[in-house]
Amino acid sequence: MNRRLSETILLASGAVAGPLFVSAFLVQGATRQAYDPLRHSISTLALGSDLGWIQALNFVVAGLLTLAFAIGVRRTLRSQQNSTLGPLLIGLHAVALIAAGVFVTDPAAGYPPGTPPKIENASLAGVLHNLAAGIGFPAIMAACLVFARWFAARTEQGWAFYSATSGVVVLIAVILANYGFPRIGGLADFSGLFQRISVVCGWTWLTSFAIYLLFFRSLRPTS
């Protein structure tokens with residue numbers, strides 16, 4: 001396989017990772033009994049059903065595809081500014097996704113049914129899952145901001161604004177979600193929605209960036 005084709009495949013991995021991940025959790029959330037997408041986290045889809053393995057696998061597959069994309073970004077932008085930090089942050093996000101699938105979260109926000117809003121004694125897997133989330137969300141947010149600067153340097157102000165805005169939305173929505181999950185009433189009733197806003201915003205940016213790079217790369221002369 002020549003280098004140009006391999007780069008195309010790596011970048012295409014980033015274009016499909018987000019739609020696959022989002023479609024999977026949307027379908028699961030809409031069909032899972034006693035599960036409220038407005039209230040419950042995406043991670044808890046791995047609990048409360050014999051089909052919970054689907055969400056765990058969803059994390060791992062999305063992470064592997066995103067890791068491939070990070071490699072593709074590094075190769076495509078090897079001569080560009082931010083050719084190391086940006087792909088590194090995307091790769092860190094990818095590793096966090098894989099870890100989130102390997103280490104299943106603890107019950108939370110009353111799901112599965114009968115569990116309290118907040119578990120007092122977290123399991124080791126739950127702690128590691130939360131650690132992965134604590135790394136993954138900041139990583140994708142930072143990647144948005146790093147590439148906002150990259151786009152600004154290229155005088156592509158529309159992309160710079162979109163990237164920066166995406167990073168800010170991810171941050172605000174994650175803060176609101178994390179505030180609400182262990183609580184009852186008020187914002188807590190929409191903590192799942194806030195998390196989904198953050199996740200969809202991050203994946204939409206990543207998917208759009210992958211498509212952009214596929215087009216950007218097509219304009220480069222063949223070496």
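Some observations on this one:
- Residue pairs whose Cβ atoms lie under 8 Å apart, separated by 6 or more positions or on different chains, with the first residue in segment 50-70 and under 15 Å from Leu206 (Cα atoms) and the second β-branched (Val, Ile, Thr) and open to solvent by less than 20 Å² (accessible area, probe 1.4 Å), are Thr66/Ile90; Phe69/Ile90; Ala70/Ile90.
- So Asn121, is it without any contact (Cβ under 8 Å) to a residue 60 or more places away in the chain, closer than 18 Å to Gly192 by Cα and open to solvent by 40 Å² or more (accessible area, probe 1.4 Å): no
- Failed item, numbered, when Gly192 is tested on (1) in contact (Cβ under 8 Å) with a residue 40 or more places away in the chain; (2) loosely packed, with under 15 Cβ neighbours inside 10 Å; (3) not polar (S, T, N, Q): (2)
- Pairs, first farther than 23 Å from Phe215 by Cα and assigned to a loop (DSSP other than H, G, I, E, B) in segment 15-35, second open to solvent by 20 Å² or more (accessible area, probe 1.4 Å) and among the hydroxyl-bearing types (Ser, Thr, Tyr), C-beta under 7 Å, six or more apart: Arg32/Ser49
- Taking every residue in segment 132-158 that is touching a residue at least 24 places away in the same chain (Cβ under 8 Å) and closer than 17 Å to Thr76 by Cα and pairing it with any residue that is open to solvent by 40 Å² or more (accessible area, probe 1.4 Å) and aliphatic (A, V, I, L, M), at least 6 positions away or on another chain, the pairs with Cβ-Cβ distances below 8 Å are Val146/Leu85.
- Residue in segment 140-151 that is over 19 Å from Gly14 (Cβ atoms) and either open to solvent by 40 Å² or more (accessible area, probe 1.4 Å) or in a helix (DSSP H, G or I) (or both) present: yes
- Filter result for Gly126 (more than 30 Å from Phe215 (Cβ to Cβ) and buried (at least 22 other Cβ atoms within 10 Å of the Cβ)): no
The values are calculated or read from the model by the stated rules, or taken from the named source; none is laboratory data. Just so you know, these numbers come straight off a predicted model, no measurement behind them. When we count neighbours, we look across all protein chains shown, and the Cβ atoms used for this are built from the backbone with ideal geometry, even at glycine. The protein model used for the area step is the full one, side chains on, heavy atoms only, and it has no ligands, DNA or RNA in it. Shrake-Rupley method; radii C 1.70, N 1.55, O 1.52, S 1.80 Å.
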